[in-house]
Amino acid sequence: MEKTFLMVKPDGVQRNVIGEIVSRFERKGFQLVGAKLMSIPTELAEQHYGEHKERPFFGELVDFITSGPVFAMVWQGENVISTARQMMGSTNPKDAAAGTIRGDFGLIVGKNIIHGSDSPESAVREIGLFFKNEELVEYNKNINEWIY
Ligand code: IDP
């Protein structure tokens, strides 16, 4: 089953929307397989955002993501990578549709509440950066018979 890495960023933690965000993915039918509240070390932040190293906002991005705790998660389900991106909304909250997480809770691109892997390759890479294998829990939920 497809897995993705999702993370409530420091602004989302401070804004008290961890529960709301977890609830949206639960109600959609996805299954939580790993989660932790953590502070991101600078080195991990630089690895995670490595593709943006040359961008002018890279320093700001690393400072922001390390500025307070984040809530890191692994979710699984059919098409979870692309569906989670739709549920998150556009990168810049000003362009994000109402009803999406960024559309409902954010105002500016530098504080857009949530991160989500954008491809199968980045999902594997990001899950590996943030979680050890033994931190991911495989389990059956009978309700899946009513989802699939
Ligand atoms: P994504 O998070 O929707 O995948 P990316 O383009 O991968 O978007 O950018 C990573 C993160 O970098 C964004 O979520 C946003 O927080 C931040 N970011 C993107 N563009 C800017 C910018 O122009 N200024 C400040 N931060 C930015």
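Worth pointing out:
- Check: the chain dipole with +1 on Lys, Arg Cβ and -1 on Asp, Glu Cβ, in debye: 380 debye
- Accessible carbon and sulfur surface of the chain relative to its total accessible area, %, 1.4 Å: 50 percent
- Å² per residue, accessible surface of the chain at 1.4 Å: 55 Å²
- Virtual spin-label span in nm between ASP95 and TYR139, 7 Å along Cα→Cβ: 3.9 nm
- The magnitude of the dipole of segment 1-70, with charges of +1 and -1 set on the Cβ of Lys/Arg and Asp/Glu and taken from the Cα centre, is near 380 debye.
- Taking θ as phi - 60° and the Karplus parameters 6.51, -1.76 and 1.60, the scalar couplings of segment 65-80 work out to 6, 9, 7, x, x, 10, 10, 8, 9, 10, 10, 10, x, 4, 6, 4 Hz in sequence order, x denoting glycine and proline.
- Remark: segment 39-49, residue by residue, has Karplus-estimated 3J(HN,Hα) of 9, 8, x, 3, 4, 5, 4, 5, 5, 4, 9 Hz, where x stands for each Gly or Pro and the curve is 6.51 cos²θ - 1.76 cosθ + 1.60 at θ = phi - 60°.
- Per-residue extension of 0.36 nm, minus the Cα-Cα distance of THR42 and ARG15, leaves a gain of 7.5 nm for this segment.
- Those lysines that a straight Cα-Cα span of less than 22 Å connects to LYS132, excepting residues fewer than 8 apart in one chain: LYS3, LYS9, LYS36
- Virtual spin-label span in nm between SER67 and SER122, 7 Å along Cα→Cβ: 2.1 nm
- Here the Gaussian network model covers the chain, with springs between Cα atoms less than 10 Å apart; of MET88, MET73, MET38, MET38 fluctuates the most.
The values are calculated or read from the model by the stated rules, or taken from the named source; none is laboratory data. Predicted, not measured: the structure shown is a model, and the values here were computed from it. Neighbour counts are summed over all protein chains in view; Cβ atoms, including those assigned to glycine, are modelled from backbone coordinates with ideal geometry. Quick note on the areas: whole protein, heavy atoms, side chains included, nothing else; ligands and nucleic acids left out. Shrake-Rupley method; radii C 1.70, N 1.55, O 1.52, S 1.80 Å.
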